[in-house]
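First the structure, then my questions, so here it is.
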Amino acid sequence: EFCSSLSGIMLLEVLLVLGTLLIYFLFSKKKEETLPFKDGWWGRGQKPVTKEDSSIRPFKVETTEEELSDLFRRLDQARFTEPLENSCFHYGTNSVHLKKIVSYWKNQFNWKKQVEVLNKYPQFKTKIQGIDIHFVHVKPPRLPEGQAAKPLLMVHGWPGSFYEFYKIFPLLTDPASHGLGDEHIFEVICPSIPGYGFSEAPHKKDFNSVSAASVFYELMLRLGFNEFYTQGGDWGWLVCTNLAQIAPNHVKGLHLNMVSVSKLGLTHLLSVLLGRYFPGLFGFQDEDVRRMFPFLKKGLYRILSESGYAHIQATKPDTVGCGLNDSPVGLAAYILEKFSSWTDMEFQNLEDGGLERKFSLDDLLTNIMIYWVSGCIVSSMRFYKENLQKGIGTQKHEKLTVQVPTGIASFPNEILHIPQAWAKKKYTNIVSFHFMPRGGHFAAFEEPELLAKDILQFVDKVEKEQLWKKK
């Protein structure tokens, strides 16, 4: 009898423990699902006791004659190194071609005309967490009666800028005029990440993607948007992902043209080894297999050959940054190389790096000029250190899933292909995943129409099925 009552007590204890664990997991999981908002102070010195000025001020891109004559003097005095014979872009930017670009920059490129292009859309600045945030705010030219514009936050990456989105703005804010219907019309808010372009650089350490997401969340609320969509690639992917983790009840949908997964488990490893032979077993489609294998060549070697810049920027950005901030030709060489290989790896085999196959020299130089005139190259590179210095997979946001409805546009020339089977472990609510027919890393810049169509169909799905209400 003693034994049976003892076993009864033990059973009760076991049930209590299991019940407690169950309650803990049920409730703690709910708590764990959101990422804490990062309320930082990134201005110089001590945070003032007075309330921050939250006014929104109009902004225009302006440069002085002094700045331009200084630029031309530096371009005139550039020293070039002769490239190896037949090396194309395999060693980085080919200086024979670079000379031609610099000649165009000096003699034909019309920066004043490009400044007018940049100022075509309304731009503003506002102080958030101690620093000036620059953003472009494009409203629809017209709205059908009874229809409201949907706010969409679009975030760029490195070495891009807000200018990457100039060709997609009209397609999203006036889709009907471009044959894309008028069911969903957007109001686009496109900020510069702090330390990029015309957003002030943080003056303190530790400004990472969660900090940027918190600043942009504050920006959207300040503009009066309580519910909105977000879109991004490159760092924009991570900033928008973090924003969806911070404010899942405010982000109606998250659209990405690049994803990355930092938590890789045994299944990922097995799928890398065996996915080519048993694709169905790992949820791979034929296109996944085509893009991923042979994995050594299309995965590992590609990462090794293309990530040197990231290692430098994640460890000692200021050292190399000094040279780039001092030399416009060095800056151009560093940035243009990415617009070659990240657009298409095959472009390395061309003498001109294929740079003008997808972009005009005017567009490429405008992006470079944004870095040059704002002097932001060093602060833009520091973002790598702030995000990566603690190690991959160590941050809280990397351990949390994303429950917001997610749309993924997977472009074939992205450096590393992430299959939906991998992405859905992080993004638990993928409502659209499309293999895009062409295009690479700078999707909005290269293929604005393809990207706009994918954003529109994704938002259509979320709206029609009211998916954000089912999170």
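The values are calculated or read from the model by the stated rules, or taken from the named source; none is laboratory data. In this text, all values refer to a predicted model and were calculated from it rather than measured experimentally. Note: ideal-geometry Cβ built from the backbone for every residue, glycine included; neighbour counts use all protein chains shown. Protein only, heavy atoms only, side chains kept; ligands, DNA and RNA dropped before computing areas. Shrake-Rupley method; radii C 1.70, N 1.55, O 1.52, S 1.80 Å.
Note the angle between two axes, namely the Cα long axis of helix 361-374 and the longest principal axis of the Cα atoms of the chain, as a number of degrees from 0 to 90, rounded to the nearest 10.
On a 0 to 90 degree scale, this one is about 80.
Are any of the pairs K150/K464; K60/K125; K298/K425; K127/K204; K139/K167; K399/K424 more than 18 Å apart by Cα-Cα distance, and if so, which?
K298/K425
Only loop residues by DSSP count here, and only those with at most 12 other Cβ atoms within 10 Å; note down the GluC sites (Glu not before Pro) in the stretch 127-226 that meet that. List each step's numbers first, then the result.
Working: sites: E145, E164, E183, E187, E200, E218; in loops: E145, E183, E200.
Here the sparse-neighbourhood loop sites are E145.
Sticking with this one: Output the 0 to 90 degree angle, nearest 10, between the alpha-carbon long axis of helix 328-341 and the longest principal axis computed from the alpha carbons of the chain.
In the chain, helix 328-341 runs at an angle near 50 degrees to the longest axis.
Here's something else I'd like to know. Might you report the magnitude of the Cβ-based charge dipole of the stretch 380-456 about its Cα centre, with Lys and Arg at +1 and Asp and Glu at -1, to the nearest 20 debye? If you can, show how the numbers build up before the last one.
Numbers: 10 positive and 7 negative charges, 103 e Å.
So the magnitude is around 500 debye.
Separate question: Once mean projected area of the Cα convex hull in nm² is worked out from the coordinates, which option in (i) 33.4; (ii) 29.3; (iii) 24.0 does it equal?
(ii)
Please sort by residue number the chymotrypsin sites (Phe, Trp or Tyr not before Pro) in the stretch 309-377 whose DSSP state is loop and whose Cβ has at most 13 other Cβ atoms within 10 Å.
Nothing satisfies the criteria.
Okay, next question. Which value, in debye to the nearest 20, describes the size of the charge dipole of the chain about its Cα centre when Lys and Arg Cβ atoms bear +1, Asp and Glu Cβ atoms bear -1, and nothing else is charged?
Approximately 920 debye in magnitude.
Work out the charge dipole of the stretch 373-471 with +1 on the Cβ of Lys and Arg and -1 on the Cβ of Asp and Glu about the Cα centre, then indicate which of S379, H417, H397 is farthest towards its positive end.
H397
Give the accessible surface of the chain per residue, rounded to a whole number of Å², with probe radius 1.4 Å and ligands, DNA and RNA excluded.
Ligands and nucleic acids excluded, the result is 47 Å² per residue.
While we're on this one: State the answer as a single residue: which of S69, F458, V117 lies farthest towards the positive end of the charge dipole of the chain, with beta carbon charges of +1 for Lys and Arg and -1 for Asp and Glu, about the Cα centre.
F458
Helix 95-107 versus the longest principal axis of the chain: what angle, 0 to 90°, nearest 10, using Cα atoms?
It works out to around 70 degrees.
Further question: Given 0.36 nm per residue, what is the gain on full extension from V289 to A148 after removing their alpha carbon distance, in nm?
46.6 nm
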